[in-house]
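Notes follow the structure.
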Amino acid sequence: MHSTESHAGNQQDLPGQAHSNADDLLLDQVQRGTLAYFQEFAHPVSGMARERSNKAHYDYLETVTTGGTGFGVMALLAASERGFLSRTEVHAHIARIVTFLGKAERYHGVFPHFLHGTSGKTIPFSDLDDGGDLVETAFLMMGLLCAREYFTEASAQETGLRAAIDQLWRGVEWDWHARGAQGPLYWHWSPRHEWKMNHAITGWNEALVVYVLACASPTHAVPVECYHQGWTASPAFPNGKRYYDIELPLGPPFGGPLFFSHYSFLGLDPRGLKDRYADYFAQNRAHTLINWTHCVNNPNAFEGYSADCWGLSACDCEQGYDAFSPDNDHGTIALTAAISSMPYAPAESMRALRHFLLRRGAELWTPLGFRDSFSPVTGWVAEGQLAIDQGPILVMIENHRSGLLWSLFMQAPEVQESLKKLGFFSPHFSS
């Protein structure tokens with residue numbers, strides 16, 4: 001059993017804590033390999049990220065994902081900064097995505113979860129989910145705002161890209177999804193089914209950045225009360241209990257799947273980010289360590305779980321797809337869970353990366369990066385990858401190494417102003 005404090009104090013005793021040249025080479029290899037998903041496997045017409053790389057019940061080669069593309073844009077920016085791709089190549093790729101998005105179907109400026117990569121038409125995510133998806137759109141806008149902040153040169157090409165991104169950003173009607181009230185925002189709207197899904201976006205989960213961007217919009221902002229009376233007002237928001245002797249400020253028991261600490265925080269820098277409800281780095285670190293400690297203690301006695309082989313999150317599994325967590329653990333390890341947690345638990349994440357690559361690389365590593373998931377219990381290995389799992393691997397490794405995407409997103413003036421209005425403090429705030 002470890003408390004957050006005692007574990008942090010013992011981190012220097014864990015193998016791999018020292019950041020070595022060998023570690024850098026491994027991180028380069030994983031970032032380069034994962035980049036292939038968003039570069040070589042990108043849709044040839046739209047440039048957007050395909051939802052997955054293996055066959056599904058839908059046309060997986062034509063199905064592109066809105067949120068996963070936002071993550072992919074951030075991955076491409078990291079690739080430019082690392083020198084894996086040239087700035088010109090990355091600009092051209094992102095410009096192609098933005099041009100395509102400008103012609104794609106939207107609903108009050110909000111993009112659907114899936115688009116057809118050639119036509120730009122909506123591909124329904126489910127029977128009722130055939131319109132705008134505010135959470136996926138927020139992830140896309142997070143990535144595009146990072147690109148706007150990255151391409152700052154005065155050339156016609158970079159000026160044009162910034163203007164095109166601003167047009168998409170300013171067109172999102174966040175206030176439409178407030179439904180005329182000052183309570184929560186709503187996830188979905190469809191011209192056929194309207195608000196029938198009735199899915200309020202309330203915390204704690206992956207969607208914090210939705211409220212930050214909704215309050216940041218220069219054209220369709222929602223009042224700050226939506227955050228305080230919607231997102232944080234949920235009984236599922238506060239926690240304060242201890243799991244494996246680690247205090248968890250927010251969220252469901254044991255923290256839920258680890259993507260809760262990844263998706264919004266690809267851009268939102270949790271370091272020093274605080275409001276009246278939580279210290280968000282402490283939240284995400286506690287969440288990660290609870291997940292790690294659960295896999296080390298292994299109360300279900302699953303073969304293969306260890307300090308090196310851990311990570312529970314939403315991923316493919318033998319039965320299809322599920323969101324795994326310590327209180328929903330069926331023996332499936334999501335590689336993105338451990339690796340994307342590197343900013344919060346660098347020693348534990350690096351141990352997992354080494355294990356996945358050096359010990360299990362023959363079964364887990366592919367030309368598009370790591371496979372999505374595997375079961376050390378049964379020997380099952382996922383056939384392919386998912387954009388929403390690959391993106392955080394590359395981006396969170398980069399945030400661990402340089403803080404690049406955190407710096408880009410947090411320097412956007414609209415983001416800073418929104419966070420201040422919502423009652424956050426961040427070291428990124430300009431004086």
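Throughout, read-outs are computed from the coordinates displayed, never taken from laboratory work. Remember, it's a predicted structure, so these values are computed and weren't measured experimentally. So basically every Cβ, Gly included, is an ideal-geometry build from the backbone, and we count neighbours across all protein chains shown.
Some observations on this one:
- Every condition in (1) more than 20 Å from TYR263 (Cβ to Cβ); (2) part of a helix (DSSP H, G or I); (3) touching a residue at least 60 places away in the same chain (Cβ under 8 Å) is met by PRO376 except one, and the failing one is (2).
- Selection count where residues are buried (at least 18 other Cβ atoms within 10 Å of the Cβ) and part of a loop (DSSP other than H, G, I, E, B), scope region 222-232: 2
- Qualifying positions in region 225-262 - at positive phi and of a type in the set (D, E, K, R): ASP245
- Some residue of region 382-396 being over 16 Å from VAL209 (Cα atoms), in a loop (DSSP other than H, G, I, E, B) and hydrophobic (A, V, I, L, M, F, W, C): yes
- Region 165-189 residues that are among the aromatic types (Phe, Trp, Tyr), paired with ones that are buried (at least 19 other Cβ atoms within 10 Å of the Cβ) and part of a helix (DSSP H, G or I) (beta carbon under 6 Å, 6 or more apart): TRP169/MET141; TRP174/ALA214; TYR186/HIS177; TRP187/LEU134; TRP187/VAL135
- Any hit, region 205-215, residues being buried (at least 19 other Cβ atoms within 10 Å of the Cβ), within 30 Å of ALA78 (Cβ to Cβ) and in contact with a Lys or Arg (Cβ under 8 Å, 6 or more places away or on another chain): yes
- Within region 292-326, the set of residues being outside any loop (DSSP other than H, G, I, E, B) and over 16 Å from LEU364 (Cα atoms) comprises TRP292, THR293, HIS294, CYS295, VAL296, ASN297, ALA314, GLY320, TYR321, ASP322, ALA323, SER325.
- Residue within region 362-384 that is charged (D, E, K, R) and more than 15 Å from GLY311 (Cα to Cα) present: yes
- The test for being touching a residue at least 24 places away in the same chain (Cβ under 8 Å) and touching a strand residue (DSSP E or B) at 6+ places or on another chain (Cβ under 7 Å) does not hold for VAL98.
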